[in-house]
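Engineer: Here you go, one structure.
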Amino acid sequence: QVQPVESGGGLVQPGGSLRLSCAASESSFSIIAMGWSRQAPGKQREFVAQITSGGSTLYADSVKGRFTISRDNAKNTVFLQMNSLKPEDTAVYYCRQTATSGSTWGQGTQVTVSL
């Protein structure tokens with residue numbers, strides 16, 4: 001399966017913002033949901049946010065009110081706007097594409113929140 005492609009990670013100071021993008025690798029007609037998870041060093045991968053094909057969203061409690069997931073159907077791309085970033089948000093962020101053919105993870109993009 002072709003992986004979705006993430007971009008937009010980087011280094012940001014605490015309190016700053018970043019926007020991640022994920023370009024889907026399958027037709028929007030076959031996609032059920034797109035989401036983000038993250039994995040910090042020495043920790044398990046954890047769910048961050050998800051948006052379904054119908055537009056419903058779901059967030060982890062740790063990011064509610066700070067992160068917003070959205071999509072551009074014309075570009076078949078999902079975004080994660082991250083505001084008020086904290087050092088504990090530092091992780092590799094992975095995009096997950098769930099389609100009728102199954103789920104596929106992207107390769108990840110590093111987000112580092114530090115002075």
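Engineer: Could you please let me know if Gln97 is assigned to a loop (DSSP other than H, G, I, E, B), within 11 Å of Glu6 (Cβ to Cβ) and modelled with pLDDT of 95 or more?
Structural biologist: Considered against the rule, which asks whether it is assigned to a loop (DSSP other than H, G, I, E, B), within 11 Å of Glu6 (Cβ to Cβ) and modelled with pLDDT of 95 or more, Gln97 comes out as no.
Engineer: To continue, here is another question. Given Ser84, Ser56, Ser114, which one is hydroxyl-bearing (Ser, Thr, Tyr) and touching a strand residue (DSSP E or B) at 6+ places or on another chain (Cβ under 8 Å)?
Structural biologist: Ser114
Engineer: Another one. Which condition number in (1) within 15 Å of the chain's Cα centre (by Cα); (2) modelled with pLDDT of 95 or more; (3) not basic (Lys, Arg) is the one that Asn76 fails?
Structural biologist: The single condition Asn76 does not satisfy is (2).
Engineer: Go through segment 8-41 residue by residue and tally those that are in a strand (DSSP E or B) and open to solvent by 60 Å² or more (accessible area, probe 1.4 Å).
Structural biologist: Qualifying residue count for the region: 4.
Engineer: Can you tell me which residues in segment 42-68 are assigned to a strand (DSSP E or B) and under 19 Å from Val113 (Cα atoms)?
Structural biologist: Passing the criteria: Glu46, Phe47, Val48, Ala49, Phe67, Thr68.
Engineer: In segment 69-115, how many residues are open to solvent by 70 Å² or more (accessible area, probe 1.4 Å) and closer than 16 Å to Arg38 by Cβ?
Structural biologist: Of the residues in segment 69-115, 7 are open to solvent by 70 Å² or more (accessible area, probe 1.4 Å) and closer than 16 Å to Arg38 by Cβ.
The values are calculated or read from the model by the stated rules, or taken from the named source; none is laboratory data. Everything numeric in this text was worked out from a predicted model, so none of it was measured. Cβ coordinates were reconstructed from backbone atoms using ideal geometry, including for glycine residues, and neighbour counts include every protein chain displayed. The area values use the complete protein model at the heavy-atom level, side chains included, leaving out ligands, DNA and RNA. Shrake-Rupley method; radii C 1.70, N 1.55, O 1.52, S 1.80 Å.
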